[in-house]
Amino acid sequence: MSDDPAAKSADDIRRDIDQTREDLGDTVEALGAKADVKGRARAKVDDLKQIAQKKVDDIKAKTASPGGGEGRGAASATAQQKAQEAVDAAQANPLPVAIVAALILGYLIGRRAGR
């Protein structure tokens, strides 16, 4: 088939329109997900909580091993406390995460608009 637009059949044009609509729908959906700053901030907080909890679990496992000694127990308690403080801080103040997400979103939109 020729690349001449006038030579395209009605079915070819309909397929092109359908494909363009599908592509546009995917793009709008992706932008909507990126624009959900609150949702992305919540997800980041959840990720940070999981990382902190894993570190706490790792420290507990290390101190529970034979030969842990009292010094390790004190270090474990301090590490657990610090990890919990980090989790609490991320939960209490998700604003920094939201700001970073907004900056990234603005950067991505700016790059997209520049094309």
Task: Answer from Arg115, Arg14 - the residue that is modelled with pLDDT of 75 or more and either loosely packed, with under 13 Cβ neighbours inside 10 Å or out of contact with any strand residue (DSSP E or B) (no Cβ under 7 Å at 6 or more places or on another chain) (or both) - done: Arg14
Task: Residue pairs meeting the criteria (Cβ under 8 Å; at least 6 apart or on separate chains; first farther than 21 Å from Asn93 by Cα, in region 42-62; second open to solvent by less than 70 Å² (accessible area, probe 1.4 Å) and not in a helix (DSSP H, G or I)) - done: Lys62/Gly68
Task: Residue in region 27-52 that is nearest to Ala98 (Cα to Cα), counting only those that are open to solvent by less than 90 Å² (accessible area, probe 1.4 Å) and among the charged types (D, E, K, R) - done: Arg40
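The values are calculated or read from the model by the stated rules, or taken from the named source; none is laboratory data. These numbers were taken from a predicted model, which means no experiment stands behind them. Neighbour counts are summed over all protein chains in view; Cβ atoms, including those assigned to glycine, are modelled from backbone coordinates with ideal geometry. Note: areas computed on protein heavy atoms with side chains; ligands, DNA, RNA excluded. Shrake-Rupley method; radii C 1.70, N 1.55, O 1.52, S 1.80 Å.
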